[in-house]
There are 2 protein chains.
Amino acid sequence: MSSGKILVAQGGGPTAVINQSLVGVVLEARRHLGIQRVYGARHGVRGIVNEDFVDLTQETSHNLELVANTPAAALGSTRDKPDLAYCQEMFKVLQAHRIEHFFNIGGNDSSDTVRIVAEEAQKAGYPLRCIHIPKTIDNDLVLNDHTPGFPSAARFVAQAFAGANLDNAALPGVYIGVVMGRHAGFLTAAAALGKKFPDDGPHLIYVPERVFEIERFLADVKATMDRYGRCVVAVSEGIHDASGTPILAKLAKDLERDAHGNVQLSGSGALADLLCEEIKAKLKIKRVRGDTFGYLQRSFVGCVSDVDQREAREVGEKAVQYAMWGSSNGSVAIRRTGFYSADFELLPLEAVAGKTRTMEDEFLSASGTDVTDAFRLYLRPLLGSGLPDAFRLRPNPVAKVLKA
Amino acid sequence: MSSGKILVAQGGGPTAVINQSLVGVVLEARRHLGIQRVYGARHGVRGIVNEDFVDLTQETSHNLELVANTPAAALGSTRDKPDLAYCQEMFKVLQAHRIEHFFNIGGNDSSDTVRIVAEEAQKAGYPLRCIHIPKTIDNDLVLNDHTPGFPSAARFVAQAFAGANLDNAALPGVYIGVVMGRHAGFLTAAAALGKKFPDDGPHLIYVPERVFEIERFLADVKATMDRYGRCVVAVSEGIHDASGTPILAKLAKDLERDAHGNVQLSGSGALADLLCEEIKAKLKIKRVRGDTFGYLQRSFVGCVSDVDQREAREVGEKAVQYAMWGSSNGSVAIRRTGFYSADFELLPLEAVAGKTRTMEDEFLSASGTDVTDAFRLYLRPLLGSGLPDAFRLRPNPVAKVLKA
């Protein structure tokens, strides 16, 4: 007899819309007669091995709608990256609770976890349907037009650079904004969408898809200062030298590493400070300021793309529909069908799991320090409606009297 | 014969609403028959000594309305702090251009400049009316209930901490957010308005009005971690030890100083990084993250208080009205008249100029790490309408099966 139980979990870094996907799963699941209980795992996969579940069937639909509009994983998240043994533990718990459908909301690591758990269930002959629901501000899932969470973070970055550009125009100098992104530069490149007038910043954009050379960087900054008397720079935290060594790693003393063995890049202002010091020392420019957008770009309340909200809701809904009406495991993906419209498809888990997408060459200019119009056309509709716009006074100079 | 010429300038750090005050001056001035020309100085007082003026009478009212909604000084700003000789140069230019009214939008340094220029005009027997229009995110002008620009920056800080708290709840650890404010802690204290549920962060708030002791800080963080399993901290960049030495100055190698002789506190992530290192080293907590809000808090487009917008507009309008209908120089100030309503008054320049307000004792809790309800009551109406609200799932735990 069917237990009618499903489980949903959230993993990785929070986004502005990750709870839209959670609520999409819960509300859609509650429509289906075959589903009796919707469980949520507290703090992702760790909540599964610890049997730390909440019953989302007992939550009001009204509060679910409010939670959907709240950023950061409402169930809690985790940075655990399960290996085979960990996934076997997870499967044991899923089996013990007679879970029939497992939904995991997260990035490429989360999709890999889903893949392994699905294999364990298959080996054991246990009928478990496993669906991965995409979520990452990095936009680095292969075969996805884009991923939920990215558009809202991109909107924050675009708005932040629009403001930083105005600030820098009022008080000229060099401004460096460091944006999240280890391998994929999509979020940093979004800074370009904050630009309106031809002389607006960001004047220079550095992404991990291109090798970062400090001498070249200094020459770029100098040329921009010479031309505009000011310079706004967007830099990805993941910039690295030709050997692949992060620029941050060349400087920092104590390097923290995560469960994946990677150097911790976020949560420190070190990279911005280093680049500012280089400019001050080598170019003798006085006013040089650096900001690290840090956790603001993924968690700030009150900066969200309405397109992102509705798509994040729909990938959750579609996940349940694929589980209930279909017969395969898989990863839900957004497919672009117009300018702008989107549809959804279920990709094989193996096609997505553990793979990393980076920016396509057509999105980056030949100079290596700007995006192309193809990228602007790609990103603009995702940022949603009501994007703030910057205006300036038109020039009406007054003739000098004393120094005429 | 009257020239009918007025001049307006913007000084100091940009805010989200500084252009509302500019446009308030321009549009109100254009209503008065006695005013023929409204000049704007490019980059504040520097534009005055350089005779770098634009004619705002030739700008459309439609574009002025759009510029009013754009953050950061549309005329450009400056960090110059004029001494007597500089002010004498300014006066020479004002006289040469037959300026009859001088409006300077800025903080306490700007009000001091207005005071000195007014004295020079008086000594020379030249009829120059001088009005200071308040603007500072620091909220540190004496005798002002609050200053335009502060409410919008406070809103950014409150929304940022609301989001950082959600992020920290999803992925627990220590999070430190460093907020602008050298002597006045108002903006840092605004972090408390991002708090909703009793266990929400910020759990600890450190302002320059209280001496910062690193051992006490570490004990506070440890106690919070023990109680909640996580800790969100708001820290003012201006925190200092008992001798008044900035905590940042105790660490940094190369200290940049501004025209006022102060150590440059903003534009670097060093303070957050130092505090994080202390926590990691002394408390052995693994997940410790620090963000420096930097220039985002004063220039981000798309985070503004509507109360701040309209008050900033009105102080500009009132400045022109005081100049045209009154007979004194002065500094426009906001006076609170209800919950919530405000009126304006013209204070003597000497009463405001060069003085610094800090947080009143009644706004700070006895613990020294929190604000009082009096502060919440003071700040909440200023943040304006439509403040985002955070919601959470209600607890409905599921019984364990394997570890029952």
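Of the residues that make up region A:123-131, is at least one closer than 30 Å to A:Val221 by Cβ and touching a Leu at 6+ places or on another chain (Cβ under 7 Å)? Working first, answer last.
Within region A:123-131, the first condition is being closer than 30 Å to A:Val221 by Cβ, and the residues that meet it are none.
No, that holds for no residue.
Evaluate the following for B:Arg98: is it within 14 Å of chain A (Cβ to nearest Cβ) and touching a residue at least 24 places away in the same chain (Cβ under 8 Å)? Spell out how you get there, then give the answer.
Details: within 14 Å of chain A (Cβ to nearest Cβ): yes; touching a residue at least 24 places away in the same chain (Cβ under 8 Å): yes.
Answer is yes for this residue.
Just wondering, is there one or more residues in region A:321-329 that are among the aliphatic types (A, V, I, L, M) and either in a helix (DSSP H, G or I) or touching a strand residue (DSSP E or B) at 6+ places or on another chain (Cβ under 8 Å) (or both)? Full working, then the answer.
So the first thing to find is which residues in region A:321-329 are among the aliphatic types (A, V, I, L, M), and the list is A:323-324.
Restricting the remaining residues to those that are either in a helix (DSSP H, G or I) or touching a strand residue (DSSP E or B) at 6+ places or on another chain (Cβ under 8 Å) (or both) gives A:323-324.
There is at least one residue in region A:321-329 that is among the aliphatic types (A, V, I, L, M) and either in a helix (DSSP H, G or I) or touching a strand residue (DSSP E or B) at 6+ places or on another chain (Cβ under 8 Å) (or both).
Give just the number: which of (1) of a type outside the set (Gly, Ala, Ser); (2) surrounded by fewer than 23 Cβ atoms within 10 Å (Cβ to Cβ); (3) in the same structural domain as B:Val117 (by TED's automatic domain parsing) does B:Asp138 not satisfy?
Going through the list (1) of a type outside the set (Gly, Ala, Ser); (2) surrounded by fewer than 23 Cβ atoms within 10 Å (Cβ to Cβ); (3) in the same structural domain as B:Val117 (by TED's automatic domain parsing), B:Asp138 breaks only (2).
Among (1) of a type outside the set (Ser, Thr, Tyr); (2) farther than 22 Å from B:Arg42 by Cα; (3) not in a helix (DSSP H, G or I), which single condition is B:Lys123 missing?
Answer for B:Lys123: the failing condition is (3).
Among A:Leu364, A:Leu387, A:Leu349, A:Leu383, which is the only one that is in contact (Cβ under 8 Å) with a residue 12 or more places away in the chain and either touching a His at 6+ places or on another chain (Cβ under 9 Å) or exposed (fewer than 14 other Cβ atoms within 10 Å of the Cβ) (or both)?
Going through A:Leu364, A:Leu387, A:Leu349, A:Leu383 in turn, just one is in contact (Cβ under 8 Å) with a residue 12 or more places away in the chain and either touching a His at 6+ places or on another chain (Cβ under 9 Å) or exposed (fewer than 14 other Cβ atoms within 10 Å of the Cβ) (or both): A:Leu349.
Here are the criteria: (1) among the charged types (D, E, K, R); (2) modelled with pLDDT under 95; (3) farther than 18 Å from A:His132 by Cα. Tell me which single one A:Asp109 does not satisfy.
Among (1) among the charged types (D, E, K, R); (2) modelled with pLDDT under 95; (3) farther than 18 Å from A:His132 by Cα, A:Asp109 violates only (3).
Scan region A:33-45 for residues that are more than 11 Å from chain B (Cβ to nearest Cβ) and either touching a Ser or Thr at 6+ places or on another chain (Cβ under 6 Å) or modelled with pLDDT of 95 or more (or both) and jot them down.
If we filter region A:33-45 for residues that are more than 11 Å from chain B (Cβ to nearest Cβ), which is where we start, we get A:33-36, A:45.
Across region A:33-45, the qualifying residues are A:Ile35, A:Gln36, A:Val45.
Exactly one condition in (1) under 27 Å from B:Thr356 (Cβ atoms); (2) out of contact with any helix residue (DSSP H, G or I) (no Cβ under 6 Å at 6 or more places or on another chain); (3) modelled with pLDDT of 90 or more is false for B:Gln297; which is it?
Single failed check for B:Gln297: (2).
For A:Val142, which of the numbered conditions (1) within 12 Å of chain B (Cβ to nearest Cβ); (2) closer than 21 Å to A:Val17 by Cα; (3) β-branched (Val, Ile, Thr) fails to hold?
Of the numbered conditions (1) within 12 Å of chain B (Cβ to nearest Cβ); (2) closer than 21 Å to A:Val17 by Cα; (3) β-branched (Val, Ile, Thr), the odd one out for A:Val142 is (1).
Please name all residue pairs, on different chains or six or more residues apart, with Cβ atoms under 8 Å, provided the first residue is in region B:119-138 and is within 21 Å of B:Glu317 (Cβ to Cβ) and the second residue is acidic (Asp, Glu) and crowded, with 17+ Cβ neighbours inside 10 Å.
B:Leu128/B:Glu100; B:Arg129/B:Glu100
Do we find that A:Thr147 is touching a strand residue (DSSP E or B) at 6+ places or on another chain (Cβ under 7 Å) and in a loop (DSSP other than H, G, I, E, B) in this structure? Let's see the steps before the verdict.
Working: touching a strand residue (DSSP E or B) at 6+ places or on another chain (Cβ under 7 Å): yes; in a loop (DSSP other than H, G, I, E, B): yes.
Considered against the rule, which asks whether it is touching a strand residue (DSSP E or B) at 6+ places or on another chain (Cβ under 7 Å) and in a loop (DSSP other than H, G, I, E, B), A:Thr147 comes out as yes.
Might you let me know whether region B:289-300 holds any residue that is within 14 Å of chain A (Cβ to nearest Cβ) and surrounded by fewer than 24 Cβ atoms within 10 Å (Cβ to Cβ)? Step through it out loud before you land on a result.
To start, the set of residues in region B:289-300 that are within 14 Å of chain A (Cβ to nearest Cβ) comprises B:289-300.
Filter once more, keeping what is surrounded by fewer than 24 Cβ atoms within 10 Å (Cβ to Cβ): B:289.
Yes.
Only one residue in B:Ala164, B:Ala160, B:Ala169, B:Ala153 is under 15 Å from the mean Cα position of the chain (by Cα), under 29 Å from A:Asn19 (Cα atoms) and buried (at least 24 other Cβ atoms within 10 Å of the Cβ). Which one? Can you show your working first?
Values: B:Ala164 fails: under 15 Å from the mean Cα position of the chain (by Cα); B:Ala160 fails: under 15 Å from the mean Cα position of the chain (by Cα); B:Ala169 fails: under 15 Å from the mean Cα position of the chain (by Cα).
One residue alone meets the criteria, B:Ala153.
Yes/no per residue for (1) within 11 Å of chain B (Cβ to nearest Cβ); (2) acidic (Asp, Glu); (3) without any contact (Cβ under 8 Å) to a residue 60 or more places away in the chain:
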| site | (1), (2), (3) |
| --- | --- |
| A:Arg31 | no, no, yes |
| A:Gly47 | yes, no, yes |
| A:Val54 | yes, no, yes |
| A:Thr57 | yes, no, yes |
| A:Leu66 | yes, no, yes |
| A:Asn69 | yes, no, no |
| A:Lys92 | yes, no, yes |
| A:Arg115 | no, no, no |
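Restricting attention to region B:366-399, and to residues there that are outside any helix (DSSP H, G or I) and out of contact with any helix residue (DSSP H, G or I) (no Cβ under 9 Å at 6 or more places or on another chain), which single residue is farthest from the other protein chains (Cβ to nearest Cβ)? Please lay out each step first, then the result.
Of all residues in region B:366-399, those outside any helix (DSSP H, G or I) come to B:366-372, B:384-399.
Narrowing the set further to residues that are out of contact with any helix residue (DSSP H, G or I) (no Cβ under 9 Å at 6 or more places or on another chain) leaves B:366, B:395, B:397-399.
Details: B:Ala366: 30, B:Pro395: 7, B:Pro397: 6, B:Val398: 4, B:Ala399: 9 Å.
Filtering first and then ranking leaves B:Ala366.
The values are calculated or read from the model by the stated rules, or taken from the named source; none is laboratory data. Remember, it's a predicted structure, so these values are computed and weren't measured experimentally. Cβ atoms come from the backbone with ideal geometry, glycine included; neighbour counts cover every protein chain shown.
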